[in-house]
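This report refers to the structure that appears directly beneath it.
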Amino acid sequence: SLAGLNVEFVLKVPEEDYEFPAYDIALGKVRGELLFNYPADVKRNNLVNVVKFGTARWRNFQASDLWVSATFDSKGINGEFGGKAYRGYVNGGFSFFLQPDSPWTGWITGKGLDLAPLTADGAPQHFVMDGLADFKVEANGRAAVVERVRGEVAGQGKGRMVVNKINDLLGSFPDDWSALKSELSRVSLETLRDFDYTQATSEFWFVGKQGMVDVRMKGPAGSRNLELVFHGADAERGARWQHGGRR
């Protein structure tokens, strides 16, 4: 009988490395402790998890000196985390719900991140930026599938953006174009490709295989507003996706 039983103990997590290929996540030097008490105290969480990570990687994105604090109950797992990344600091939270289709939601914010290595780890074939920025991102999905992402970025001071995707256009002018037409097109595209800014903001949405990145910048050479639209192979051309339009 457990009627008269009272138990409280601490489990130490030995330092070890972990990989989760389905989520493209790798965790290094994981350590910490798990606290448990029975019966559950209504004034305390029944299971509190405090774990530290020497390093962490999701896809190409890197972070270090991370911590995670999580609580467990009958509905799911809720947690918060923080750590160093790209010369700045990030923190966020998440919830995993204990249902058959494993739904989850999460958010993350960053302060003073260096955009040069961050964009290099993202999609450098499309565009890269330098300078410092703050950001926030919200996401939700099911199991290993990311269904929806929304976020915004605000530059902190001056920097530079290069749209590398334009290089593909520079090398694909038709052979029958005149020298004047080719030169004017080259100058126009190079002006679009490189931009030095003193102010920059960006908003982005991704739902399924569709998404949009809206970039607004001001600098010594004027202003630049770019809207990059991404379509999956099966998406209808020119169609907006199902987020209800721009905020």
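Given a Förster distance of 35 angstrom, what is the FRET efficiency for I25 paired with E152, based on the Cβ-Cβ distance and rounded to 0.05? List each step's numbers first, then the result.
On the way: r = 24 Å, r/R0 = 0.69.
For R0 = 35 Å, the calculated efficiency reads 0.90.
Percent of accessible area on the chain owned by carbon and sulfur, 1.4 Å probe? Don't jump to the answer; show the numbers that get you there.
Details: 8720 of 15510 Å².
Roughly 56 percent of what the probe reaches on the chain is carbon or sulfur.
Which whole-Hz ³J(HN,Hα) couplings does the range 28-33 yield from phi under the Karplus relation 6.51 cos²θ - 1.76 cosθ + 1.60, θ = phi - 60°, glycine and proline marked x?
Rounded to whole hertz, the list is x, 6, 7, 7, x, 8.
How would the range 143-203 be classified by its alpha-carbon gyration tensor: rounded, prolate or oblate, with rounded meaning a/c under 1.5 and the a/b versus b/c comparison settling the rest? Present the calculation step by step, with values, prior to reporting the outcome.
Numbers: a/c = 4.63, a/b = 1.67, b/c = 2.78.
Note, shape of the range 143-203 comes out oblate.
Given bins 5 angstrom wide, list per bin the percent of all Cα-Cα distances in the chain, short to long.
Here the calculated profile for the chain is 1, 5, 9, 13, 15, 14, 12, 9, 7, 5, 4, 2, 2, 1, 1, 0, 0, 0, 0.
From largest accessible area down, sort L180, L115, L192, L170; use a 1.4 Å probe on the protein chains.
Listed by decreasing accessible area, they come as L180, L192, L170, L115.
Report the equivalent ellipsoid semi-axes for the range 77-155 in whole Å, largest first, defined as the square roots of five times the eigenvalues of the gyration tensor built from alpha carbon atoms.
The equivalent ellipsoid of the range 77-155 has semi-axes of 26, 15, 9 Å.
Using a 1.4 Å probe, what is the accessible area per residue for the range 61-131, in Å²?
Heavy-atom accessible area per residue stands at 53 Å².
If DNA, RNA and ligands are ignored and the probe is 1.4 Å, what is the ranking of S69, S223 by accessible area, most exposed first?
S223, S69
Using a simple charge model, +1 on the beta-carbon of Lys and Arg, -1 on the beta-carbon of Asp and Glu, nothing else, what dipole does the range 47-159 show about its Cα centre, in debye to the nearest 20?
I would put it at about 80 debye.
Within the range 141-167, which residues have the backbone N less than 15 Å from the label spot 7 Å out from R186 along Cα→beta-carbon, could you tell me?
Within reach of a label on R186, which here means backbone N under 15 Å from a point 7 Å along Cα→Cβ, the range 141-167 contributes 167.
Please list 3J(HN,Hα) in residue order for the range 156-168, calculated via the Karplus relation 6.51 cos²θ - 1.76 cosθ + 1.60 where θ = phi - 60°; whole Hz, with x for glycine and proline.
Karplus values, whole Hz, x for Gly and Pro: 10, x, 7, x, 9, 10, 10, 8, 5, 4, 5, 4, 5.
The values are calculated or read from the model by the stated rules, or taken from the named source; none is laboratory data. Worth saying up front: this structure is predicted, and the values here are computed from it rather than measured. Please note: Cβ atoms are built from the backbone with ideal geometry, for glycine as well, and neighbour counts cover all protein chains shown. With ligands, DNA and RNA removed, areas are computed over all heavy atoms of the protein, side chains included. Shrake-Rupley method; radii C 1.70, N 1.55, O 1.52, S 1.80 Å.
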